[in-house]
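Right, one structure below, let's go through it.
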Amino acid sequence: MSINFDQILQTFIVEAKDLLQEMEESLLQLESDPSDNDILGAIFRAAHTIKGSAGLFGFDPIISFTHIVEDVLDRMRDGKVAIAGELIALLLECGDHMQHLIAVVAAQGQELDQTATEREKLLRQRLHVYETNSAVHSIATTELNSVHILEEGNVASDLWHISLRFSEDVLRNGINPLSFLRYLNSQGTIIHIISVSDNMPVASAMNPEICYLGFEIGYQSEAEKSDIADIFEFVGDDCLVNIIPPHSKIAEYIDLIHKLPETPSRLGELLIKSGALTQHELEKGLQQQNKQFKPALPLGEILVQQGAVQPVVVQAALEKQTQIQDNKNKESHYVRVHADKLDQLINLVGELVIAGAGASLLARNCENDALQEATSIVSGLVEEIRDGALRLRMVPIGDTFNRFQRVVRDVSLELGKDIELVISGADTELDKTVVEKIGDPLLHLLRNAMDHGIEAPAVRQAAGKSAKGKLHLNAYHDSGSIVIEIVDDGAGLNRERILDKARERGLVAANVTPSDQEIFNLIFEAGFSTAAAVTNLSGRGVGMDVVKRNITALRGTVDLDSEAGRGATVRIRLPLTLAIIDGFLVGVGQSSYVIPLDMVQECVELSEQDRLVTRERRYLNLRGEVLPLIFLRDQFNVGEPTGRRENVVVVHFGDHKAGLVVDELQGEFQTVIKPLGKLFSALRGISGSTILGSGAVALIIDVPSLVKQIVHHETNAVNQLQLSVVNQ
């Protein structure tokens, strides 16, 4: 049988990166609350698990370095090392180096470069200051063992005894049992080992994919029982593990005999051979076991009868135990799936939606009631499959937000500022593809806000503000989109300075006065910068245009608001998914268009009188509200009106509302988004295309873009009116 080592390695890499991310987040929490022992324990367990998993693969560089980190964390748990900012910073650097070591493992055949080697050498020297003296620890342990007094009923062996029984499927699951034995030797010394092959069939009946072996091991180590048990945590579902400490009660070995699958006589022989028991101790234990006692009551019932606890306490403990078991069962239900497989599934579901629409159209044309009913049921099931498939790719954005805690901490120290990151809306979900691509733009915006937006502590105090600046990351759903806000309480944008710079570069004419929002959005122009000096973080005029370009590539928009002395807000609006949406199909002439259903508020039919009025004024009186209109026929140059009735689809985007004038309302439509080619990348008002059941192509309306055009035209009209009044 060939073991897929690459697959196992990828699992290790993914899990190690997740643990390092958890470790970093916990270290940042520990810095603000050094007294929280639970957080410290979580950090220690993360490092210990990484070391243990690396040991199974024989990744000595990771084991060696992580062992030192683990030792320092252990001393922190024992209170022998004080938790301070300098130590937290060191551990964060160690986490970065561990991340690099794992990356080296991921790139098989790559070796640690000289820069990384020097960095590790310096980190080891800094960690050594906090390290425990292993020699003193060893002597103290030896002295403790030397004064150990054997009580009545205890065995004489000073070795740990480990019984291992691997499941038949352990090899099929890509796990090598011998790797655990090798790792045991790295944490101690295997003194005795007996292979148990009682279940092994004759050679002709053997299956090379089945594991028939078990082991009885006499083990010498200074480790704790929990540390030894953690070695086998990786293979918990494929291995029966029993660990008995040195000088344990004989009764524990007798219980072990009853737990294992072999016969008692065979197990007694194995325990003697492995040095766990002597012949005399085994006989004594069996004699004690043969003395029959009446069945013992459950411990909870005994404590209640003795008046030690109340029945409600026992009931609460049992419920807690059940809850813990349920949580373990729940955790085991999660399955890691490669992102490429999900992408393939979404693509197939998209094709299924298109094929289903075609089948429904054919059924309607056939005028067969039974066929129409069948296709209707299929369409409903396809819609459920679509929603389920899309939910598989939906992830909370909080994981991305939390990664910025480290960025804010490091940049604050570099700039000499005190900045706090506040996160809200972390549970807001969106497509995994969008999450992966929005990380870099958010990072640049945060760094820019910390460098240019938030002032130095002395400047803030002089302005009557708190010395600590605040950055607020917020996310929420709105009209079928996700809105991400980056808010700072800094000095805000200098409107006049931006406008002067824009006029200097020819971006704004001298006789034109744009709106505040248009002026602020000029910072997204390529090469635009008002920074007085170039820093390591910003000031070169490179980056904000890339931010906007990356957001636009995700069919998103970005806007900026600011108030002098109060701060700035960057608002990013993104689609929840890049694959499939619910749409509203409309017709204009012979063409069809899709409007995202979440942005559709209502539909209104235009009377003959309204048609005449709206053609002249370009707005509609909708129950006392002025509703700007966009005639799609004129917008996309479809052709002259055919004389048929017209309808208005009322759409909303943020705080804005508009009406799209169309010829025909064709109803809801499951829309599989097909991106436009580079040839149409500059096309305004269209965000993509889709294929109808008839095979025809329908364009997807970019509602935010159209609404912004209206706002822009209204602003220009007001500016021109003001300019004409001034000239008169």
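Computed quantities for the displayed model
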item	result
Equivalent-ellipsoid semi-axes of segment 38-83, from the Cα gyration tensor, Å, largest first	21, 11, 6
Heavy-atom accessible surface of segment 1-121: percent carbon and sulfur, 1.4 Å	46 percent
Stokes-Einstein D (µm²/s) once Rh is taken as the Kirkwood radius of segment 369-482 over alpha-carbon pairs, at 20 °C in 1.002 mPa s	125 µm²/s
Gyration tensor (Cα) of segment 350-398, equivalent ellipsoid semi-axes in angstrom	30, 10, 5
Long-range HN-HN contacts of SER592 with modeled amide H, under 5 Å	LEU699
Solvent-accessible surface (1.4 angstrom probe) belonging to GLU608, in square angstrom, nearest 10	120 Å²
Accessible area of segment 385-458 divided out per residue, in Å², using a probe of 1.4 angstrom	42 Å²
R0 of 60 Å, Cβ-Cβ distance SER424-ALA156: FRET efficiency to nearest 0.05	0.45
ASP410 versus SER226: modelled label distance in nm, points set 7 Å from Cα along the beta carbon direction	3.1 nm
Segment HIS477-ARG172, extension gain: residue separation times 0.36 nm, minus the distance between their alpha carbons	105.4 nm
Overall form of segment 552-621 per C-alpha gyration tensor (a/c, 1.5; a/b vs b/c)	oblate
For peptides 474-482, 200-208, 360-368, 505-513, sequence by mean Cβ density within 10 Å, most packed first	474-482, 360-368, 505-513, 200-208
Prolate/oblate/rounded label for segment 343-435 (Cα gyration tensor, a/c 1.5)	prolate
Segment 585-662 - percent of accessible surface contributed by carbon and sulfur, probe 1.4 Å	43 percent
Rough spin-label spacing in nm, given labels placed 7 Å along Cα→Cβ, for VAL129 and VAL613	7.9 nm
Distance violations [Cα-Cα > 22 Å] among LYS259/LYS284; LYS80/LYS121; LYS51/LYS225; LYS432/LYS548; LYS417/LYS465; LYS17/LYS470	LYS80/LYS121; LYS17/LYS470
Chain lengthening between ASP96 and LYS249 when straightened (0.36 nm per residue, less Cα-Cα)	50.5 nm
Coarse-grained scattering of segment 28-134 at q = 0.11, 0.19 Å⁻¹, given as base-10 log I(q)/I(0) from a Debye sum over alpha-carbon atoms	-0.34, -0.98
Cα gyration tensor shape for segment 63-122, rounded if a/c is under 1.5, else prolate or oblate	prolate
Over segment 567-672, equivalent-ellipsoid semi-axes from the Cα gyration tensor in Å	25, 19, 12
Convex hull volume per residue in cubic angstrom - Cα atoms of segment 444-533	145 Å³
Segment 214-262: Rg to Rh, with Rh as the Kirkwood radius over Cα pairs	0.95
Burial order of peptide ranges 583-596, 24-37 (average beta-carbon count within 10 Å, highest first)	583-596, 24-37
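The values are calculated or read from the model by the stated rules, or taken from the named source; none is laboratory data. Because the structure is predicted, anything quoted here is derived from the model rather than measured. Cβ atoms come from the backbone with ideal geometry, glycine included; neighbour counts cover every protein chain shown. For the accessible areas, the whole protein counts, side chains as well, though only heavy atoms, and no ligand, DNA or RNA atoms are used. Shrake-Rupley method; radii C 1.70, N 1.55, O 1.52, S 1.80 Å.
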